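Heads up, the thing below is written out as structure tokens.
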Amino acid sequence: MRKIAVINQKGGSGKTTTVVNVGYYLAEIGKTVLLIDLDPQSHTTIHLGFEPPEIKKSLYDLLVNQTPLSDILKSTPYKNLHLIPSKIDLASAEIELVNEVGREIILREILKKNNVKYDYVIMDCPPSLGLLTLNALTTAREVFIPIQAEFFALEGLTKLFQTIKIVKERINPALEITGIIITMYDKRKNICKDVEKKVEEYFKGKVFKTRIRENVRLAEAPSYGKPIGEFDKNSYGAEDYKKLTKEIIKQEKNI
Ligand SMILES: Nc1ncnc2c1ncn2[C@@H]1O[C@H](COP(=O)(O)OP(=O)(O)OP(=O)(O)O)[C@@H](O)[C@H]1O
Ligand SMILES: [Mg+2]
């Protein structure tokens, strides 16, 4: 089982788009996949066609109220693809759990206790390094970082590395950054090439070869509640995420 946290505390870097579309293509290829929406904005949940106000029990109840996992886990319209959804109430979980012993490993313990088994567990994190992201980092074995090809792309990464290092040293020694994904790439823009070069230097050997190109269809798909493979399977976005998924599967040999 590969457990992957998709993290970048920088907002709008392509985390959710990556989680939903990679999750979709992994499932299409026949892998069993669990997506966990750790973001109170619920974008992964919405992108998969759910309406958060209509969801009775969500990740909040799992973390705060010890609601059984079976009451929370959702099947999606897509075979092999399951979801632990979130709603806006998740925003108060960080505060409500502040005095809870072991609050940074609640998710990991729940998955362990329930003997959760999938080929892939992929966690979509909020754009912050708070308690929800910490829960993803203690649960994961791998970290993927989507980086938007733009001027401020590398800003804040030092803080992210520090956080990963501390979690690795104190709680989760197996944790590794295993993939950097360059998103919203436009080869006609010099800035994109600059960022690409810097990222390649900085993360030697860890950058996926696939570039996720800027593609309006990817930006439209969430409002239709569909992964790109269902919304427009002939778009560049579909092509790129399918290619990225194949690269991710290839990593299985070395991980
Ligand atoms: N390759 C792309 N081309 C064009 N638009 C994109 C692309 N990838 C993502 N987007 C759009 O950019 C916005 C930000 O992407 P996304 O929601 O995936 O980022 P995020 O890192 O999850 O954001 P947040 O930090 O708010 O959770 C969304 O509106 C999304 O539809
Ligand atoms: Mg998001």
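The values are calculated or read from the model by the stated rules, or taken from the named source; none is laboratory data. As the structure is a computational prediction, the values presented were derived from the model and not from experiment. So basically every Cβ, Gly included, is an ideal-geometry build from the backbone, and we count neighbours across all protein chains shown. The accessibility values were calculated without ligands, DNA or RNA, using every heavy atom of the protein model including side chains. Shrake-Rupley method; radii C 1.70, N 1.55, O 1.52, S 1.80 Å.
Rounded to the nearest 500, what is the 222 nm mean residue ellipticity of the chain from helices alone, with -39500 (n - 2.57) per DSSP H run of 4+ residues and division by all residues? Show your work: numbers first, answer last.
Numbers: 11 runs with 98 residues, N = 255.
Value at 222 nm, helices only, nearest 500: -11000 deg cm²/dmol.
Loop-only trypsin sites (Lys or Arg not before Pro) in region 1-100, please: DSSP not H, G, I, E or B, and at most 14 other Cβ atoms within 10 Å.
Here the trypsin sites (Lys or Arg not before Pro) that fit, given the DSSP loop and packing criteria, are Lys56, Lys79.
Quick one: compute the contact order of the chain, relative version, from alpha carbon pairs under 8 angstrom and 6+ residues apart, as a percent.
26
Debye sum, Cα scatterers, region 45-121, no solvent: what log₁₀ I/I(0) at q = 0.18 1/Å?
-0.79
Which distance in Å, rounded to a whole number, links the C-alpha centroids of region 90-150 and region 1-65?
Centre-to-centre distance over Cα atoms comes out at 11 Å.
Report the gain in length on full extension from Asn114 to Lys193: 0.36 nm times residue separation, minus Cα-Cα distance, nm rounded to one decimal. Walk me through the numbers before you get to the answer.
Values: separation 79, 0.36 × 79 = 28.44 nm, distance 4.52 nm.
Using 0.36 nm per residue and subtracting the Cα-Cα distance, I get 23.9 nm.
No solvent, one uniform scatterer per C-alpha: report log10 I(q)/I(0) for the chain via the Debye equation at q = 0.09, 0.14, 0.16 1/Å, two decimals.
Relative scattering, expressed as log10 I(q)/I(0), comes to -0.36, -0.91, -1.22.
Please state the shape class of region 1-141: rounded when a/c is under 1.5, otherwise prolate if a/b exceeds b/c and oblate if not, all from the C-alpha gyration tensor. Walk me through the numbers on the way to the answer.
On the way: a/c = 1.36, a/b = 1.28, b/c = 1.06.
Rounded, because the longest to shortest axis ratio a/c is under 1.5.
Could you pull out the chymotrypsin sites (Phe, Trp or Tyr not before Pro) across region 80-182 that fall in loop regions by DSSP (anything but H, G, I, E, B) with no more than 11 other Cβ atoms inside 10 Å?
Phe151, Phe152
How far, in nm, would the chain grow between Phe161 and Glu176 when pulled straight, counting 0.36 nm per residue and subtracting the alpha carbon separation? Write down the numbers at each step before the final one.
Details: separation 15, 0.36 × 15 = 5.40 nm, distance 1.05 nm.
Contour length minus the Cα-Cα distance gives 4.3 nm.
Around Tyr78, what is the net charge, scoring Lys/Arg as +1 and Asp/Glu as -1 over all other residues with Cβ under 15 Å from its Cβ?
It works out to a net charge of +3.
Computed over the Cα atoms of region 105-196, what is the convex hull's projected area averaged over all directions, in nm²? Could the numbers behind the result be given before it?
Working: hull surface 27.0 nm².
Averaged projected area of region 105-196's Cα convex hull equals 6.7 nm².
Of Lys113/Lys226; Lys31/Lys117; Lys226/Lys253; Lys193/Lys246; Lys159/Lys242; Lys74/Lys168, which pairs sit farther than 22 Å apart, going by alpha carbon to alpha carbon?
Lys113/Lys226; Lys226/Lys253; Lys193/Lys246; Lys159/Lys242; Lys74/Lys168
In debye, nearest 20, what is the charge dipole magnitude of region 127-182 about its Cα centre with +1 on Lys and Arg Cβ and -1 on Asp and Glu Cβ, if you could check?
Charge dipole, region 127-182, about its Cα centre: 220 debye, nearest 20.
Leaving out ligands, DNA and RNA, what percent of the accessible area of the chain is carbon and sulfur, probe 1.4 Å?
With neighbouring chains kept in place, the figure for the chain is 52 percent.
Could you work out the Rg to Rh ratio of region 130-255, with Rh taken as the Kirkwood radius (inverse of the mean 1/r over all Cα pairs)? Show your work: numbers first, answer last.
Details: Rg = 15.8 Å, Rh = 16.0 Å.
So for region 130-255, dividing Rg by the Kirkwood Rh gives 0.99.
Search the structure for amide H atoms under 5 Å from the amide H of Glu176, placed 1.01 Å from N in the peptide plane, and list their residues when 5 or more places away or on another chain.
The answer is Glu142, Val143.
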